[in-house]
Amino acid sequence: MNLILLGPPGAGKGTQAKRLERSHGLVQLATGDMLRAAVASGSGLGQRVKAIMESGRLAPDAIMIEMIADRIADPDCAAPAGAAPGSAKSGGFILDGFPRTVPQAEALDAMLAQHGRALDHVILMEVDEAALVERIAGRFTCQNCGASYHERFKRPAVDGVCEVCGNAGLVHRADDRPEAVATRLAAYRNQTAPILPYYRARGVLRTVDGMADIDDVTRQINAVLRDG
Ligand code: AMP
């Protein structure tokens, strides 16, 4: 099963993708996490995208398309032989943060066709923009594994310590500053929202209420995966 989680920054895509990874045996492909890892490693790619990311703008399509094309060719993204499509543990991936532009969506179709795969669901997490600003302002993440937390909605069991990997480095993202958040929301409206009609026209787009609490959003997504 191959899915896309769509929605503005702060909609909860990463949180839900991590849950789906565990419950459905899917691989989370989070382009933002991949880019942050590149920045942290100081690689050539990291140096190219660091300032772009911190400002809240989108990285160039060519870079992102190549990154995802390489990643979905990896064996862990393929459904295991003989697995019933859509069954739990059927394998496949969850795209979290890609595609973010129409050219990325078109390139994704070409890649999937090349690998003989299809998109099963595109799930839009709808959220209210005012709430996003509050959500993002309180958000912090683990520097080591990327797990996300929130000062009000999702505190770690032990203050300052990641529940997933035990790392004590929980930080606010550089692009969660208010100016960068405004740029990211504008990028979503102007560059990412235009991909919604593309998927709606193909009949694969489903919407969940991203304002509901985390468990309820998970239930809504599971209902989509079950019933289509
Ligand atoms: P995210 O963690 O998904 O919010 O992504 C953080 C930042 O990484 C974005 O604000 C962009 O600068 C960059 N980025 C992540 N994914 C993409 C993408 N598919 N296209 C362009 N830029 C991206």
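Numbers for the structure displayed
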quantity	calculated
Karplus-derived 3J(HN,Hα), 6.51/-1.76/1.60, for each residue of region 62-78, Hz, glycine and proline x	4, 5, 5, 5, 5, 4, 6, 4, 5, 6, 6, 7, 5, x, 5, 8, 7
Charge tally in the Cβ shell below 11 Å around Arg219, where Lys, Arg are +1 and Asp, Glu are -1, Arg219 excluded	-2
Packing rank of 124-133, 39-48, where each peptide gets the mean count of other beta carbons within 10 Å, highest leading	124-133, 39-48
Local electrostatic count, Glu106, Cβ distance below 15 Å [Lys/Arg +1, Asp/Glu -1]	-1
For region 1-71, convex hull volume per residue from C-alpha positions, Å³	107
Anchor Lys50: aspartates and glutamates whose Cα lies under 15 Å away (excluding residues fewer than 8 positions away in-chain)	Asp33, Asp175, Asp176
Relative contact order of region 1-48, pairs being alpha-carbon contacts under 8 Å that are 6 or more residues apart, as %	19
Volume per residue of the C-alpha convex hull in region 123-214, rounded to whole Å³	117
Of every Cα-Cα pair in region 132-178, the percent that sits beyond 18 Å	21
Approximate shape of the chain as ellipsoid semi-axes (Cα gyration tensor, √5λ), whole Å, largest first	25, 21, 19
Formal net charge of residues neighbouring Ala11 (Cβ-Cβ distance under 12 Å; K, R +1; D, E -1)	-1
Residue-wise HN-Hα coupling along region 124-141, computed from phi with Karplus coefficients 6.51, -1.76, 1.60 (Hz; x: Gly, Pro)	8, 9, 7, 9, 7, 4, 5, 5, 4, 4, 5, 4, 5, 4, x, 8, 9, 10
Euclidean distance of C-alpha centroids, region 167-228 and region 1-40, integer Å	10
5 angstrom amide H check on Ile94, placed H, neighbours 5+ away	Leu3, Val27, Gln28, Leu29
Electrostatic dipole magnitude of the chain [Cβ: Lys, Arg +1; Asp, Glu -1; Cα centre; debye, to 20]	60
Exposure proxy ranking, count of Cβ atoms within 10 Å, fewest first, for Cys165, Cys77, Cys142	Cys165, Cys77, Cys142
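Bear in mind that the values in this text are calculations on the coordinates, not laboratory data. Being a predicted model, the structure only gives us computed values, none of them experimental. Here Cβ is always computed from backbone atoms with ideal geometry, including for glycine, and neighbour counts include all displayed protein chains.
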